[in-house]
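Beneath this line is the structure, given in structure tokens, with notes to follow.
The values are calculated or read from the model by the stated rules, or taken from the named source; none is laboratory data. On a predicted model such as this, the values are computed, not experimentally measured, just so you know. Methodologically, a virtual Cβ is constructed for each residue, glycine included, from the backbone with ideal geometry; neighbour enumeration extends over all protein chains shown. SASA here: full protein model, heavy atoms, side chains in, ligands and nucleic acids out. Shrake-Rupley method; radii C 1.70, N 1.55, O 1.52, S 1.80 Å.
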Amino acid sequence: MKKILLTSTGFENDSIKNKFLELLNCDVSRAKILFIITAANNPDAVRILSKCLDDLTNCNILDENITIYDMHNLLTQDEINKYNAIYVCGGSTKYLVERIREIDFKPLLDNYIENGGIYIGVSAGSVAASGNYQNGLCLIKNNLDVHCENGTENGIITTDNDILLTDNQAIFINGNENIIFE
């Protein structure tokens, strides 16, 4: 079963944080997180990294269980599979998608997700997972826009609709069902 959580701003909304903890399905103190910072290639995005890191530590993920990864070398499938979740931060979606393609990260991530791994996207990490970019992750077919003033109505969505997320909403992909909630 796929366990994908796409957000505009991470765990600012407690229901999104609680969904992550529910998906984690293990003792939080032992959870290992791959923290991908690749998209943060400008000053505004770098400033947000500490907030993203706080998302995890506020869930009681231990600092020593968070591995920072910048996608400049390819991890092996075994290395990726040791993580309970992959948290992809925001910034430049275009740059993130270029790195995904250049290191051929998508097959590893697809295998990780198919085997029960959790993918959390924040801003660019969510857009890179959508259908917006042909060379992106395409974890959902829908085009996605984040940080919207008015979001798509909560509930189940079909694959042919564009999705707009406010900063309080998330998409939960559970198998083949896409659910927007806040």
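Does ILE68 fit the bill of being part of a strand (DSSP E or B) and surrounded by fewer than 13 Cβ atoms within 10 Å (Cβ to Cβ)?
Yes.
Could you give me the residue pairs with C-beta distances under 6 Å whose first residue belongs to the range 39-52 and is closer than 18 Å to VAL97 by Cβ and hydroxyl-bearing (Ser, Thr, Tyr), whose second residue is open to solvent by less than 70 Å² (accessible area, probe 1.4 Å) and at pLDDT below 90 wherever it lies, and which are 6+ apart or on separate chains?
none
On the basis of being hydrophobic (A, V, I, L, M, F, W, C), farther than 24 Å from CYS138 by Cα and crowded, with 17+ Cβ neighbours inside 10 Å, does LEU56 make the cut?
Spelling it out, LEU56 is indeed hydrophobic (A, V, I, L, M, F, W, C), farther than 24 Å from CYS138 by Cα and crowded, with 17+ Cβ neighbours inside 10 Å.
In the set LEU21, LEU56, LEU5, LEU74, which member is in contact with a Lys or Arg (Cβ under 7 Å, 6 or more places away or on another chain) and at negative phi?
None of the others qualify; the one that does is LEU5.
May I ask you to verify whether ASN135 is at pLDDT below 95 and not aliphatic (A, V, I, L, M)? Let's see the steps before the verdict.
Numbers: at pLDDT below 95: yes; not aliphatic (A, V, I, L, M): yes.
Criteria met by ASN135.
Give the range 138-149 a look and list any residue that's at pLDDT 95 or above and in contact with a helix residue (DSSP H, G or I) (Cβ under 8 Å, 6 or more places away or on another chain), or say none.
If the condition is that a residue be at pLDDT 95 or above and in contact with a helix residue (DSSP H, G or I) (Cβ under 8 Å, 6 or more places away or on another chain), then LEU144, ASP145, VAL146 are the ones that fit.
Among the residues of the range 1-33, count how many are more than 15 Å from LYS82 (Cα to Cα), of a type in the set (A, V, I, L, M, F, W, C), assigned to a loop (DSSP other than H, G, I, E, B) and touching a Leu at 6+ places or on another chain (Cβ under 9 Å).
Count: 1.
Collect the residues in the range 13-36 that are open to solvent by less than 80 Å² (accessible area, probe 1.4 Å), out of contact with any strand residue (DSSP E or B) (no Cβ under 9 Å at 6 or more places or on another chain) and under 28 Å from ASN73 (Cβ atoms), keeping them in residue-number order.
Listed by number, the list holds a single entry, CYS26.
Sort out which residues of the range 138-182 are in a strand (DSSP E or B), touching a residue at least 60 places away in the same chain (Cβ under 8 Å) and open to solvent by less than 20 Å² (accessible area, probe 1.4 Å), and write them in order of number.
Once the filter is applied, which keeps residues that are in a strand (DSSP E or B), touching a residue at least 60 places away in the same chain (Cβ under 8 Å) and open to solvent by less than 20 Å² (accessible area, probe 1.4 Å), the range 138-182 yields LEU144, ALA170, ILE171, PHE172, ILE173.
Scan the range 93-121 for residues that are polar (S, T, N, Q) and open to solvent by 30 Å² or more (accessible area, probe 1.4 Å) and jot them down. Don't jump to the end; show me each part of the working.
So in the range 93-121, the residues polar (S, T, N, Q) come out as 93, 111, 115.
Matches in the range 93-121: ASN111, ASN115.
Open to solvent by less than 70 Å² (accessible area, probe 1.4 Å), in contact with a Gly (Cβ under 9 Å, 6 or more places away or on another chain) and closer than 22 Å to LEU109 by Cα: is that true of ALA39 in this structure?
It is true that ALA39 is open to solvent by less than 70 Å² (accessible area, probe 1.4 Å), in contact with a Gly (Cβ under 9 Å, 6 or more places away or on another chain) and closer than 22 Å to LEU109 by Cα.
What about ALA124, is it within 18 Å of PRO107 (Cβ to Cβ) and open to solvent by less than 30 Å² (accessible area, probe 1.4 Å)?
When the stated conditions are applied, ALA124 does not pass them.
Of the residues that make up the range 3-12, is at least one more than 15 Å from the chain's Cα centre (by Cα) and open to solvent by less than 40 Å² (accessible area, probe 1.4 Å)?
Filtering the range 3-12 for residues more than 15 Å from the chain's Cα centre (by Cα) gives none.
Within the range 3-12, not a single residue is more than 15 Å from the chain's Cα centre (by Cα) and open to solvent by less than 40 Å² (accessible area, probe 1.4 Å).
Show the residue pairs meeting these rules: Cβ distance below 9 Å; 6+ apart or different chains; first residue within the range 18-30 and farther than 23 Å from GLN169 by Cβ and at pLDDT 95 or above; second residue open to solvent by less than 30 Å² (accessible area, probe 1.4 Å) and part of a helix (DSSP H, G or I).
Hits for this filter: ARG30/ASN65.
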